[in-house]
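The values are calculated or read from the model by the stated rules, or taken from the named source; none is laboratory data. Bear in mind that the values here come from a model prediction, so they are computed numbers and not experimental data. With ideal geometry, Cβ positions are generated from the backbone for all residues, glycine too; neighbour counts draw on all protein chains shown.
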Amino acid sequence: MSESVLQKTGLEVIRQLSGQKELSELPEFQQRLGFFKKRFEDDEFRIAVVGEFSSGKSTFINALIGRDVLQHASLETTAAITQLINVRREDSRCGKGCVKLSDGSTVHLQELDELVEYTTTFSKRLKIAAEVVQVELFLPLMPSAEPIVIVDTPGLNGMAGGHRERTMELVQQAHACIYMLPQRGLADTDISSLRQLVLIQKKFIFVQNFIDTLNEDEGDTLEKKLEEQKSILQEKVFQDVPEAEFELCGVSALQALNAQDRNIQRMYKDGPLLTEANRAVLYKNSNFDQFRLLLKETFRPDALEKIKYGSSARALADWLGQLTEQVEQRRERVNALYASSQDRFAVEKLEARAESIRKNQKENETRLQNFVLAMGMELRREEAAAAHAVREAVRSSTNQDISRYGQNHKYKEELAHLQSWQKTTLAGDMEWMLNAKFVKLQENLEDKIEAVRQQLQTRVEEYAGGAELKLKKARFETTQKVGTGFAAEKSDIERMEEKLKKMRAEEAPAREKMEHLKGEVAPAQQKAEAGWYSWMAEYNRFLTEQSELGTRPEAWKEKKIESKPRGGLFGWLLGPKESVTEKENDDLGKMWDKRKAELNELYEKVDELGEKARELQEQAEEVKQQYASAKDFYGTLEKKIRDKQQELEEQRRSLEIKIQTDTINYLNLCKNGLREQVEAYLADDGEPAQQMAEIIDERIRKMEQNYTEQAIQAMRIAVSGQLQRLEAVKAGHRSELQDELEQLAASVDQLRNMQKEMEEKLA
């Protein structure tokens, strides 16, 4: 069956219902009928964002926007409605907004930063609750320009009046719901609220916020968390509502917001500046892309019509069933009266009873009054015990929070966090817990008062929600200081650090000198060895040549025969005259002497080379000694530095142990002091206890006054009604009761037929 048929059928059912007089008198009928009419006629697809106070709903909406523009954290927003309207980026309205005021005027916002002045109860411009009706922001929430509107509801457990009622109205008008789960996950208050919501809403996306707080080292993973929440939802909320649908997703709205808003410089007050790399990591860890994908897939264009009319039709069919039950109950009451009117003896008994009431009216009024007062006293006793239990629960929760500090053994950090918590958020946290639990106590009180009403069989108007505790800001102080008694130890450490600094200043030059000398050792040794090699070569040559020279050759006599012509007459006959001369020859000796002189020169050269070699060896040995000395100096210096460093570390460890012990003692002192202050604040004679008692007493006192008056008035009306019916029966006007019965029967049949038709088309 197409969605258009469901829309047509739904509107026809609404038309038929609006014409039934018998139904118009039922509680909240006209209001519920109006909500359904809006859902079937609305051109826009509405998604209501719901969550208890502190669920991170406003931070989540800011993450959707990509800017920190909606007030969040400890400031509770007004009941004025903020709507995020999906538009294309090229739309002239994109990135702008408007504020609609109660006088019909509109304030146009050119910058989203202006929004804070129109969305909190702390506005300096306007009386928000009285003047602001609605805030609209135009943003590119979805890739398409589908007419999707995300509505930020005031919340289910806000302390400002009217929040819960307004939220329930908006959910009834919406076609789907995004429900924010707080850090702890689903609580009893969430389950109670959801059981009401599933009666009027059939499409949910549950968002588990604060996934950045999960401790995966202890096995607390996102998958495990989501599985736990899914199991609770299936078992305690959706088990009896199989037609309702839901999805689950986990995010860190805080991480997503800090990643997107460039105006946010630091994620935490004292944290480091956020870089683009930091923002990229934050956004990835936030898992917000997974939510955007889920949002896109769940509310894709081809599914909007089906969800819009299908979920509305389911909710309308359920309401038809509820209306049928209410009309059936009225028919049973009228039928019982009609049956009793047939019995003449019953009429006589009623007349006798009426007469008895008239005679003893004053006494009966006193009895009713005493009954109400007795019930009031019983309620006071019960609620006093319940208020004490509220304070005890807050005390226990706060003490648990206090006890957690110091468990991870990072005592300095824990002490700083404890002191920051006690100064900034402790009082606010306690006030919030007190109010949240006290609101629940008052809801239980209203249930008990309703039980009293039922016992009195009176019809009373529905009572308003619980009163807010107007508590003065609690002050929790610690005045002592930690780590101030170790001046001598710190001075010793400073002196050691200075000495170590000087030693380290000597270390680099000593190492540099050692390395330099180390580099000179090998070249010096090489030079010495080369010198010795040169001397040895020349010396060996000298020995060889000296050996080859041998002894000096002796001089030898050389005979020389000279022929001279003879003179005289017969000289020619006698021939030449010969003479023999002897001459000493020392040429070889002279050659030996020359060679000897050369060898002597070579010896002198060898001697010089030997002397040079010895000098080079001495230089090499000196370099070795210098290197060894420098090495010893550096080694000794290194050891002194190590020893001094070790001594310094031991001193620091000793001081750290002393400071840690002092810190632990101080932390425990702070924790004990805070516990005592919390105990005093939450004591039976404390301000919260007194305010609770006053609010409870005032509420019960009003009940006593109103219920006494109502009970007496109801008694008088009952007597008058009974007498009128008796007179009608006597006069033969029983047909009026019969006509009423027939009309009620026809209404039941019509409602059943409408419900059947709607369910058939849904099937």
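Listed here are the residues, each with its yes/no results for (1) without any contact (Cβ under 8 Å) to a residue 12 or more places away in the chain; (2) out of contact with any Asp or Glu (no Cβ under 6 Å at 6 or more places or on another chain); (3) among the basic types (Lys, Arg); (4) under 14 Å from Arg395 (Cβ atoms).
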position: Gln660; (1), (2), (3), (4): no, yes, no, no
position: Leu669; (1), (2), (3), (4): no, yes, no, no
position: Gly673; (1), (2), (3), (4): no, yes, no, no
position: Gln677; (1), (2), (3), (4): no, yes, no, yes
position: Asp684; (1), (2), (3), (4): no, yes, no, yes
position: Gln690; (1), (2), (3), (4): yes, yes, no, no
position: Glu694; (1), (2), (3), (4): yes, yes, no, no
position: Arg701; (1), (2), (3), (4): no, yes, yes, no
position: Asn706; (1), (2), (3), (4): no, yes, no, no
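Of the conditions (1) surrounded by 14 or more Cβ atoms within 10 Å (Cβ to Cβ); (2) under 30 Å from Ala416 (Cα atoms), Ala280 fails just one. Which one is it?
The one condition Ala280 does not meet is (1).
Which residue out of Leu295, Leu323 is within 16 Å of Ile47 (Cβ to Cβ) and among the hydrophobic types (A, V, I, L, M, F, W, C)? Please lay out each step first, then the result.
Values: Leu323 fails: within 16 Å of Ile47 (Cβ to Cβ).
Every option except Leu295 fails the conditions.
Does Cys98 satisfy the condition of being at pLDDT 70 or above, over 21 Å from Ile178 (Cβ atoms) and assigned to a strand (DSSP E or B)?
Values: at pLDDT 70 or above: yes; over 21 Å from Ile178 (Cβ atoms): yes; assigned to a strand (DSSP E or B): yes.
Answer is yes for this residue.
Is the stretch 654-666 home to any residue that is among the charged types (D, E, K, R), part of a helix (DSSP H, G or I) and at pLDDT 80 or above?
no
Tally up the residues in the stretch 101-131 that are assigned to a helix (DSSP H, G or I), at pLDDT 55 or above and either surrounded by 15 or more Cβ atoms within 10 Å (Cβ to Cβ) or touching a strand residue (DSSP E or B) at 6+ places or on another chain (Cβ under 6 Å) (or both), please.
Result for the stretch 101-131: 7.
I'd like to verify a number: residues in the stretch 601-643 that are among the hydrophobic types (A, V, I, L, M, F, W, C) and under 29 Å from Lys499 (Cα atoms), how many? Give the derivation first.
Quick first cut of the stretch 601-643, residues among the hydrophobic types (A, V, I, L, M, F, W, C) only: 602, 606, 609, 613, 616, 620, 623, 628, 630, 633, 637, 641.
So of that shortlist, the ones also under 29 Å from Lys499 (Cα atoms) come out as 628, 630, 633, 637, 641.
The qualifying residues number 5.
For the stretch 209-233, name all the residues that are farther than 23 Å from Thr189 by Cα and in contact with a helix residue (DSSP H, G or I) (Cβ under 8 Å, 6 or more places away or on another chain).
Asp212
Going residue by residue through the stretch 270-282, is there one that turns out to be under 25 Å from Arg46 (Cα atoms) and at pLDDT below 90? Can you show your working first?
Let us first name the residues in the stretch 270-282 that are under 25 Å from Arg46 (Cα atoms), namely none.
No, the conditions are met nowhere in the stretch 270-282.
I'd like the full set of residues that are of a type outside the set (A, V, I, L, M, F, W, C), under 19 Å from the mean Cα position of the chain (by Cα) and at pLDDT 80 or above, limited to the stretch 56-93.
Gly56, Lys57, Ser58, Thr59, Asn62, Gly66, Arg67, Asp68 - these are the residues of the stretch 56-93 that are of a type outside the set (A, V, I, L, M, F, W, C), under 19 Å from the mean Cα position of the chain (by Cα) and at pLDDT 80 or above.
So Ala487 ticks every box in (1) within 21 Å of Ser629 (Cβ to Cβ); (2) at pLDDT below 75; (3) of a type in the set (A, V, I, L, M) but one. Which box is left unticked?
The number of the failed condition is (1).
Between a residue in the stretch 254-276 that is over 17 Å from Gly66 (Cα atoms) and any residue that is surrounded by fewer than 20 Cβ atoms within 10 Å (Cβ to Cβ), which pairs come within a Cβ distance under 6 Å, given they are 6 or more apart or on different chains?
Final answer for the pair search is Leu273/Gln265.
Of the numbered conditions (1) within 27 Å of Asp113 (Cα to Cα); (2) small (Gly, Ala, Ser); (3) in a loop (DSSP other than H, G, I, E, B), Gly185 fails exactly one; give the number of that condition.
(1)
Considering only residues that are within 23 Å of Ala256 (Cα to Cα), among the polar types (S, T, N, Q) and either touching a residue at least 60 places away in the same chain (Cβ under 8 Å) or assigned to a helix (DSSP H, G or I) (or both), which ones fall in the stretch 188-233? Steps first, please.
Step one: list which residues in the stretch 188-233 are within 23 Å of Ala256 (Cα to Cα), which gives 204-217, 220-227, 229.
Pick out the ones that are also among the polar types (S, T, N, Q) and you get 208-209, 213, 215, 221, 229.
Asn209, Thr213, Gln229, listed by residue number.
Does Thr581 qualify as being farther than 30 Å from Ala537 by Cα, at pLDDT below 80 and not hydrophobic (A, V, I, L, M, F, W, C)?
yes
Check off (1) β-branched (Val, Ile, Thr); (2) at pLDDT below 90; (3) crowded, with 19+ Cβ neighbours inside 10 Å for Ile150 and give me the number that stays unchecked.
Result: Ile150 passes all but (2).
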